[in-house]
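The structure under discussion appears below in the form of structure tokens.
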Amino acid sequence: MITLSSPLVADLSKGDRILGTAVDGTTISYAKAYSSASAGGFVIKIKYPGSYDRESSRGTYTDIQDPSYVLCSVGGLPVTEQKTARCFGVGETITVFDGPTPYDTSDTYAVADDNKAGRTIQGFSTSAAVKQLTKSDSCPGCPYKEFKKFHDYYGSSTYADEYVTAALDGTATSFSTGLGDADFSKYGFDGRREGAKRGSVYLNVYMYVLREFEDTIDNCKDEYIYRNLAAADASFHAWDKGVAFYTGSLEGKTGASDGKLLHALADKRCANYKTCGTNGDELEGISKINYLLGDQFDLGQNRILNYNCGALRPIVHRIADLMSVPMIQGTLRYAYKVDVQGGVEKEKAEGAVFMAAVIPRVHACNQEDAAIIYENMKIGAFTTDYKMVKKAFERNYDCMGVNGALVGGLWNSTANAYYEGAEPKKDGSNVLAIGLGSGAAAVALLALCGVFYMRHQQREVQGNPADEQSVQPSDEPNILPSDEPSVIPSDEESSVLSSDEPTTGGSSKGLEIGLGSSAAAVALLAEANEKFAAAVALLTEAAQGQVAQIKQKPVEC
């Protein structure tokens with residue numbers, strides 16, 4: 001934030017290029033206005049450039065893990081880590097590119113005090129009312145589904161900031177609902193440090209990641225995104241930011257490094273719960289959760305690139321479900337440490353902040369179970385009963401879109417076995433085939449048959465009857481990829497039936513369809529058959545060159 005010695009003579013627009021002289025005397029050529037400013041004003045906000053590529057004579061950005069990525073870096077960093085040489089200097093000239101006149105920075109401008117971060121972790125929470133709660137032109141999808149659960153539970157849009165601030169100050173929160181309060185006056189520095197450090201990530205960053213994915217949906221419009229580059233760019237940018245905030249800048253290109261944000265958390269918890277690796281049965285490496293989230297991130301990007309905005313909603317719901325798993329694991333791990341292993345203030349505080357990051361999801365499913373978890377894990381809890389906490393969570397796995405295989409069990413590396421009483425929930429989530437009556441298996445089988453049938457019809461329309469030649473492998477992508485759902489969930493669903501992922505909704509109803517009556521399976525087959533028949537008819541039209549007709553007849557899959 002730069003204070004000028006004379007007022008602006010013309011309006012400044014966000015993104016306007018700004019040039020000037022740095023503290024070290026070099027020229028800053030690619031700074032931009034961080035926000036708009038009106039003529040007559042003395043204060044402007046500037047966004048500094050990344051590393052400057054002098055060889056190509058144009059502004060480019062290096063790998064963000066390069067220490068020189070941001071040329072002026074002050075903010076809230078310790079003095080020893082600040083970089084001020086390439087900040088705009090005091091009393092130096094600043095020019096708005098193509099602007100009418102140059103300006104000088106005022107003597108009241110202080111390099112160390114006025115160069116602050118434009119985006120802060122605290123801001124993720126303090127801006128939530130506008131960006132995640134209140135419906136408006138800038139937030140047409142508000143209130144966002146996941147945020148609303150937390151707002152309804154805590155009764156505050158700034159619950160995350162209030163929690164972390166209380167930890168820093170050693171005070172108590174006072175949420176209007178009377179739910180989820182944390183009294184850090186009962187803790188010393190050990191407990192308060194955990195509340196502030198972990199709360200910043202598990203509460204502030206966690207929800208803002210989901211906010212970026214929701215913002216993607218708000219910006220994405222199926223019918224015209226390919227003609228509206230601004231809308232397309234906003235969708236791509238928001239999705240990328242969601243992935244970036246989830247991962248952080250320290251994970252490296254493979255995600256195998258030691259970061260500080262949610263990606264790193266999932267990898268740490270998988271080592272405790274034996275849920276690392278692509279199969280979720282290892283004790284080291286990248287977590288199964290991160291592999292599954294990576295699939296969803298790629299899937300969402302693909303949907304945006306193909307202008308399929310309507311397919312983003314179930315993907316975002318699935319991401320929210322998966323992101324909650326490390327929070328469940330963390331709560332259970334520290335419940336066990338406190339109850340069974342005699343954990344003290346540090347362990348109690350860690351358990352409390354993990355609980356705070358997931359308890360609204362439990363509350364949205366079952367208020368009684370949420371109360372059980374809170375009373376056992378809150379700051380100042382009289383006692384902690386690990387078994388009660390574990391059972392309360394497990395009763396809500398289906399509703400929360402997770403299962404025993406994803407959460408795993410607390411692993412005792414010394415004994416090479418799960419801790420007694422901390423084994424994974426046995427809910428059938430590791431079983432690949434659950435019976436001949438499985439509706440999901442029947443639909444998948446019919447889908448495979450439908451693929452061959454549609455190819456058969458295409459060949460006949462093209463004058464190549466299928467019965468006159470052998471079937472050749474296709475060089476086109478399989479229209480039913482193995483890692484994507486064959487049935488797109490509705491807006492209220494966030495997962496699909498699969499061998500290692502949970503079902504959503506009531507478990508009894510899901511099992512009744514999967515394992516129960518033949519009539520239900522037949523009904524599913526009939527419905528799927530009708531939809532494939534419609535798809536075949538449209539493919540026939542396509543083969544005959546009737547593309548315009550197909551665009552007017554979308555298939556419901």
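With GLY285, GLY330 as the choices, which residue is closer than 16 Å to ARG269 by Cβ and outside any helix (DSSP H, G or I)?
On the way: GLY330 fails: outside any helix (DSSP H, G or I).
It is GLY285.
What number of residues within region 344-375 are crowded, with 21+ Cβ neighbours inside 10 Å, under 11 Å from TYR334 (Cβ atoms) and not small (Gly, Ala, Ser)?
Quick first cut of region 344-375, residues crowded, with 21+ Cβ neighbours inside 10 Å only: 347-363, 369-370, 373-374.
Narrowing further to those that are under 11 Å from TYR334 (Cβ atoms): 347-355.
With the extra rule that they be not small (Gly, Ala, Ser), the set shrinks to 347-348, 350, 353-355.
Result for region 344-375: 6.
In region 91-122, which residues are of a type in the set (Ser, Thr, Tyr), part of a strand (DSSP E or B) and either out of contact with any Leu (no Cβ under 7 Å at 6 or more places or on another chain) or closer than 30 Å to ALA244 by Cβ (or both)? Step through it out loud before you land on a result.
Narrowing region 91-122 to residues of a type in the set (Ser, Thr, Tyr): 93, 95, 101, 103, 105-106, 108-109, 120.
Then drop every residue that is not part of a strand (DSSP E or B), which leaves 93, 95, 103, 105.
Once the filter is applied, which keeps residues that are of a type in the set (Ser, Thr, Tyr), part of a strand (DSSP E or B) and either out of contact with any Leu (no Cβ under 7 Å at 6 or more places or on another chain) or closer than 30 Å to ALA244 by Cβ (or both), region 91-122 yields only THR93.
Please work out which residue is nearest to LYS241 (Cα to Cα), limiting yourself to region 47-72 and to residues that are in contact with a Lys or Arg (Cβ under 7 Å, 6 or more places away or on another chain) and at pLDDT 85 or above. Walk me through how you get there before you give the answer.
Initial filter on region 47-72 (in contact with a Lys or Arg (Cβ under 7 Å, 6 or more places away or on another chain)): 47, 71-72.
Keeping just the survivors that are at pLDDT 85 or above gives 47, 72.
Numbers: LYS47: 17, CYS72: 22 Å.
My answer is LYS47.
How about region 231-249: which of its residues are within 17 Å of the chain's Cα centre (by Cα) and either acidic (Asp, Glu) or part of a loop (DSSP other than H, G, I, E, B) (or both)? Please lay out each step first, then the result.
Our first condition is that a residue be within 17 Å of the chain's Cα centre (by Cα); within region 231-249, this holds for 234-249.
Listed by number, the residues that qualify are ASP240, GLY248, SER249.
So PHE42 passes all but one of these: (1) farther than 17 Å from ASP114 by Cβ; (2) at pLDDT 85 or above; (3) of a type in the set (Phe, Trp, Tyr). Which condition number does it fail?
Single failed check for PHE42: (1).
If VAL74 satisfies every condition in (1) in contact with a helix residue (DSSP H, G or I) (Cβ under 7 Å, 6 or more places away or on another chain); (2) touching a residue at least 60 places away in the same chain (Cβ under 8 Å); (3) assigned by TED's automatic domain parsing to the domain that holds LYS47 but one, which is the exception?
(2)
Let's see how each residue does on (1) of a type in the set (A, V, I, L, M); (2) within 30 Å of ASN302 (Cα to Cα):
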residue: CYS139; (1), (2): no, yes
residue: LYS149; (1), (2): no, yes
residue: VAL164; (1), (2): yes, no
residue: ASP190; (1), (2): no, no
residue: GLU194; (1), (2): no, no
residue: GLY199; (1), (2): no, no
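Within region 259-266, is there a residue that is of a type in the set (Gly, Ala, Ser) and at pLDDT below 95?
So in region 259-266, the residues of a type in the set (Gly, Ala, Ser) come out as 259, 264, 266.
When the remaining residues are screened for being at pLDDT below 95, the result is 259.
Yes, some residue in region 259-266 is of a type in the set (Gly, Ala, Ser) and at pLDDT below 95.
Could you list all residues from region 187-216 that are assigned to a helix (DSSP H, G or I) and of a type in the set (Ser, Thr, Tyr)? Give the derivation first.
To start, the set of residues in region 187-216 that are assigned to a helix (DSSP H, G or I) comprises 189-216.
Once the filter is applied, which keeps residues that are assigned to a helix (DSSP H, G or I) and of a type in the set (Ser, Thr, Tyr), region 187-216 yields SER200, TYR202, TYR206, TYR208, THR216.
Given the conditions (1) modelled with pLDDT of 95 or more; (2) surrounded by fewer than 22 Cβ atoms within 10 Å (Cβ to Cβ); (3) not β-branched (Val, Ile, Thr), report the number of the one that ASN306 does not fulfil.
Going through the list (1) modelled with pLDDT of 95 or more; (2) surrounded by fewer than 22 Cβ atoms within 10 Å (Cβ to Cβ); (3) not β-branched (Val, Ile, Thr), ASN306 breaks only (1).
Go through region 126-161 and count every residue that is within 20 Å of ILE373 (Cβ to Cβ) and either in contact (Cβ under 8 Å) with a residue 24 or more places away in the chain or touching a strand residue (DSSP E or B) at 6+ places or on another chain (Cβ under 7 Å) (or both).
Going through region 126-161 one residue at a time, the tally reaches 9.
Given LEU406, LEU410, LEU312, LEU322, which one is touching a residue at least 24 places away in the same chain (Cβ under 8 Å) and touching a strand residue (DSSP E or B) at 6+ places or on another chain (Cβ under 8 Å)?
Values: LEU406 fails: touching a strand residue (DSSP E or B) at 6+ places or on another chain (Cβ under 8 Å); LEU312 fails: touching a strand residue (DSSP E or B) at 6+ places or on another chain (Cβ under 8 Å); LEU322 fails: touching a strand residue (DSSP E or B) at 6+ places or on another chain (Cβ under 8 Å).
Answer to the selection: LEU410.
Any residue at all in region 166-186 that is part of a helix (DSSP H, G or I), within 26 Å of PHE297 (Cα to Cα) and modelled with pLDDT of 95 or more?
Just the residues of region 166-186 that are part of a helix (DSSP H, G or I), to begin with: 166-169, 184-186.
Filter once more, so that each one left must be within 26 Å of PHE297 (Cα to Cα): none.
No, region 166-186 contains no residue that is part of a helix (DSSP H, G or I), within 26 Å of PHE297 (Cα to Cα) and modelled with pLDDT of 95 or more.
Go through region 294-322 and give me each residue that's touching a Phe, Trp or Tyr at 6+ places or on another chain (Cβ under 7 Å) and closer than 23 Å to VAL407 by Cβ.
Listed by number, the residues that qualify are VAL316, ILE319.
Of a type in the set (Ser, Thr, Tyr), surrounded by fewer than 16 Cβ atoms within 10 Å (Cβ to Cβ) and within 22 Å of the chain's Cα centre (by Cα): which single residue out of SER125, SER138 fits that description? Can you show your working first?
Values: SER125 fails: surrounded by fewer than 16 Cβ atoms within 10 Å (Cβ to Cβ).
Within the list SER125, SER138, the selection yields SER138.
Going by what's in this entry, would ALA441 be described as out of contact with any strand residue (DSSP E or B) (no Cβ under 8 Å at 6 or more places or on another chain), at pLDDT 50 or above and outside any loop (DSSP other than H, G, I, E, B)?
Details: out of contact with any strand residue (DSSP E or B) (no Cβ under 8 Å at 6 or more places or on another chain): yes; at pLDDT 50 or above: no; outside any loop (DSSP other than H, G, I, E, B): yes.
The answer is no for ALA441.
Limited to region 364-397, what total is found for residues that are among the small types (Gly, Ala, Ser) and within 28 Å of the chain's Cα centre (by Cα)? Working first, answer last.
Quick first cut of region 364-397, residues among the small types (Gly, Ala, Ser) only: 364, 370-371, 380-381, 392.
This time we only want the ones that are within 28 Å of the chain's Cα centre (by Cα), so: 364, 370-371, 392.
Of the residues in that region, 4 qualify.
The values are calculated or read from the model by the stated rules, or taken from the named source; none is laboratory data. None of the values given here were measured: they were computed from a predicted structure. Using ideal geometry, Cβ is built from the backbone for each residue, glycine included, and neighbour counts are taken over all protein chains shown.
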